[in-house]
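Taken together, the values in this text are just the output of simple stated rules run on the coordinates, not laboratory data. None of the values given here were measured: they were computed from a predicted structure. No Cβ is skipped: glycine too gets one built from the backbone with ideal geometry, and neighbour counts run over all protein chains shown.
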Amino acid sequence: MKAKRFLCAGVGLCCRWKEKGTQRDTRARRWAQSAGYRSGCARRYKRPMRAVVQRVSEASVTVGGERVAQMGPGLLVLLGVGKGDTEADVAWMADKVPNLRIFEDAEGKMNRSLLDTHRALIVVSQFTLYGDARKGRRPSFIEAAEPAEAQRLYEEACRRMREAGLSVGMGVFRAEMRVALVNEGPVTILLDSRS
């Protein structure tokens, strides 16, 4: 009997078969896994780079009793790096954050960006942005990137924003941090590098 197949996620990849264990099923699963798909399914094991952007009147980061970053008005950015994130995600985020028009102009409208105003921000690495609590009560963080890769892309994002002419404060990667801020507005924007 011919195996019936399913098209996953609308991408035209036939990676699931009703007759599991067949040669065609095995080939499909092996190909899917080698191409970056998860468990033979056509959902790529990739997550967007994620950020929580807050407009603040002041913010600071303290590690072990020492103030490692401090600023007045600007943006506080919590930045999460997901599995599969690349330099393209870094470039998108490093361009999007400074150009967000979330500061008020003379008429009180959100028409001005960080580049037009304070030119200062603090970026804090935040893997818990990938916490998945849909099942159970303890969040799972398996969608977050491995620490070494997350640190590399986090530091690259900060470097790119400095090159844009911004003053960039940083937290300490993988440290226990105390982040203090006064959210102005409040204004909080959620960003994903991919939909």
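By the gyration tensor of its Cα atoms, with a ≥ b ≥ c the square roots of the eigenvalues, what is the shape of the stretch 83-130: rounded for a/c under 1.5, prolate for a/b over b/c, or oblate? Taking the square roots of the gyration eigenvalues as a ≥ b ≥ c, the stretch 83-130 is prolate.
Across the stretch 78-87, computed HN-Hα scalar couplings (Karplus, 6.51 cos²θ - 1.76 cosθ + 1.60, θ = phi - 60°) run 9, 10, x, 10, x, 4, x, 5, 10, 4 Hz from first to last residue, x flagging Gly and Pro. Under a 5 Å amide H cut-off, with hydrogens placed 1.01 Å from N, G185 pairs with nothing among residues at least 5 apart or on other chains.
Shown in residue order for the stretch 152-165 are the 3J(HN,Hα) couplings computed by the Karplus curve 6.51 cos²θ - 1.76 cosθ + 1.60 at θ = phi - 60°: 4, 6, 4, 5, 5, 4, 5, 4, 5, 6, 5, 5, 7, x Hz (x for Gly and Pro). Once both labels are positioned 7 Å from their Cα atoms along Cα-to-Cβ, the gap between R134 and L190 label points is 1.4 nm. Protection proxy ranking of 168-176, 54-62, by the mean of other Cβ atoms within 10 Å over each peptide's residues and highest first, is 54-62, 168-176. Scoring 72-85, 103-116, 150-163 by mean Cβ neighbours within 10 Å over their residues and listing the highest first yields 72-85, 150-163, 103-116. Under 5 Å from the amide H of R194 lie the amide H atoms of M49, each residue being 5 or more positions distant or on a separate chain, with H modelled from the backbone and absent for Pro and chain starts.
Straight-line cross-link reach from K135 at under 20 Å between alpha-carbon atoms covers these aspartates and glutamates, not counting any fewer than eight positions away in the same chain: E143. Spatial offset of the stretch 161-183 relative to the stretch 116-148 amounts to 14 Å, using the alpha carbon center of each.
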